[in-house]
Amino acid sequence: ENTDPVCEGDKIYTFTYTDCAGNVSVYTYTYTIDLLAFTLPANGFMTVTGIGDVVTPTPPTVVDNCGVTLATPTPDVSLTPACNGS
């Protein structure tokens, strides 16, 4: 038996058989763990009437397919428009 993979990889079980004559044969069973990609919710948006109405949005909580909550990302923020824009 090998060490469990941290995220993806192979989990291998090896069984060694030996008969009374000393003949050895090995049987191996392999699980390949391939984590599916996680899904994000749809992008958010809001229309406001001025820069004073803009606040940093709360990012969604994202859970991978193993039920593990992913770390909250650090936002990458665009420059503030002079008058109107995104």
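The values are calculated or read from the model by the stated rules, or taken from the named source; none is laboratory data. Keep in mind it's a predicted model, so treat the numbers as computed, not measured. Please note: Cβ atoms are built from the backbone with ideal geometry, for glycine as well, and neighbour counts cover all protein chains shown. Surface accessibility is based on the protein's heavy atoms, side chains included, excluding ligands, DNA and RNA. Shrake-Rupley method; radii C 1.70, N 1.55, O 1.52, S 1.80 Å.
At-a-glance table
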{"quantity": "Long-range neighbours under 6 Å by Cβ, at least six apart or interchain, first residue in contact (Cβ under 8 Å) with a residue 60 or more places away in the chain and among the aliphatic types (A, V, I, L, M) within the range 58-70, second open to solvent by 60 Å² or more (accessible area, probe 1.4 Å) and part of a strand (DSSP E or B)", "calculated": "none"}
{"quantity": "Candidates T80, T74, filtered to the one that is free of Cβ contacts under 8 Å to residues at least 40 places away in the same chain and open to solvent by less than 100 Å² (accessible area, probe 1.4 Å)", "calculated": "T80"}
{"quantity": "Every residue from the range 1-59 that is at pLDDT below 90, over 30 Å from S86 (Cβ atoms), open to solvent by 100 Å² or more (accessible area, probe 1.4 Å) and not charged (D, E, K, R)", "calculated": "T3, V6, L36"}
{"quantity": "Residue count, the range 1-49 (criterion: within 30 Å of A71 (Cα to Cα) and either outside any strand (DSSP E or B) or of a type in the set (A, V, I, L, M) (or both))", "calculated": "24"}
